[in-house]
Amino acid sequence: MSNHYETVFVVTPVLSAEQAKETVDKFKQMLKDAKAKIHNEEHWGLKKLAYPIQKKSTGFYQLFQYEVEGDFIAKLELAFKRDERIMRFLTVKLDKHAVAYAEKRIERLKSTAKAAK
């Protein structure tokens, strides 16, 4: 049985936008290879950090919301730890209330995107 997860990670700002995108694509491909169902993906862009990490004050933020088997999370987090381009990451298992909230949030984002067009 698969569980719902949300992962946010921060990519080092010393990369070009193209290199940062390649880093995100690497982890997205890992999810696809694990047959994860990606519900939502958000690129939050370059943001200021609350405190310096590795002497850097900014980073590229990325969010994935997905459904996958629980044993895959350990593999994903090990890959984050081994990749020097990743400054921080956090994976959270979503309960049914968080899943419902995430679905509503995605719908709101889609409706505001349509209204903006």
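The values are calculated or read from the model by the stated rules, or taken from the named source; none is laboratory data. Keep in mind it's a predicted model, so treat the numbers as computed, not measured. Neighbour counts run over all protein chains shown; Cβ positions are idealised from the backbone, glycine included. Protein only, heavy atoms only, side chains kept; ligands, DNA and RNA dropped before computing areas. Shrake-Rupley method; radii C 1.70, N 1.55, O 1.52, S 1.80 Å.
Using a Gaussian network for the chain with springs between C-alpha atoms less than 10 Å apart, which of these wobbles most: Lys55, Lys35, Lys47? Among Lys55, Lys35, Lys47, the largest GNM mean-square fluctuation belongs to Lys55. Output the pairs from Lys26/Lys75; Lys75/Lys104; Lys28/Lys75; Lys37/Lys93 with a Cα-Cα distance over 24 Å in this structure; if there are none, say none. In this structure, Lys75/Lys104 exceed 24 Å between Cα atoms.
With the cut-off at 17 Å, report for the stretch 11-61 the share of all Cα pairs above it, as a whole percent. Above the 17 Å cut-off, the stretch 11-61 has 43 percent of its Cα pairs. With the simple spin-label model, which puts each label point 7 Å out from Cα in the Cβ direction, the Leu109 to His97 separation comes to 2.2 nm. Note on Ser57: accessible area approximately 60 square angstrom, rounded to 10, probe 1.4 Å, nucleic acids and ligands left out. Across the stretch 24-117, the relative contact order, built from alpha-carbon pairs under 8 Å that are at least six residues apart, equals 23 percent.
What separates the Cα centres of the stretch 14-44 and the stretch 80-96 is a distance of 12 Å. Surface listing: His39, His4 arranged by accessible area from highest to lowest gives His39, His4, probe 1.4 Å. Structure remark: mean-square fluctuation, Gaussian network model of the chain, C-alpha springs under 10 Å; the largest value among Ala20, Ala100, Ala36 belongs to Ala100. Most mobile of Lys96, Lys75, Lys32 per a Gaussian network model of the chain (Cα springs, under 10 Å)? Per the Cα network of the chain with a 10 Å cutoff, Lys96 tops the list. These residues, Leu31, Leu90, go from largest to smallest accessible area, 1.4 Å probe, as Leu90, Leu31.
Using the Cα atoms as the points, what is the convex hull volume per residue of the stretch 62-117 in Å³?
Details: hull volume 5.8 nm³, N = 56.
It comes to 104 Å³ per residue, whole-number rounded.
If you take all other residues with their beta carbon under 12 Å from the beta carbon of Val8, and give Lys and Arg +1 and Asp and Glu -1, the sum is -1.
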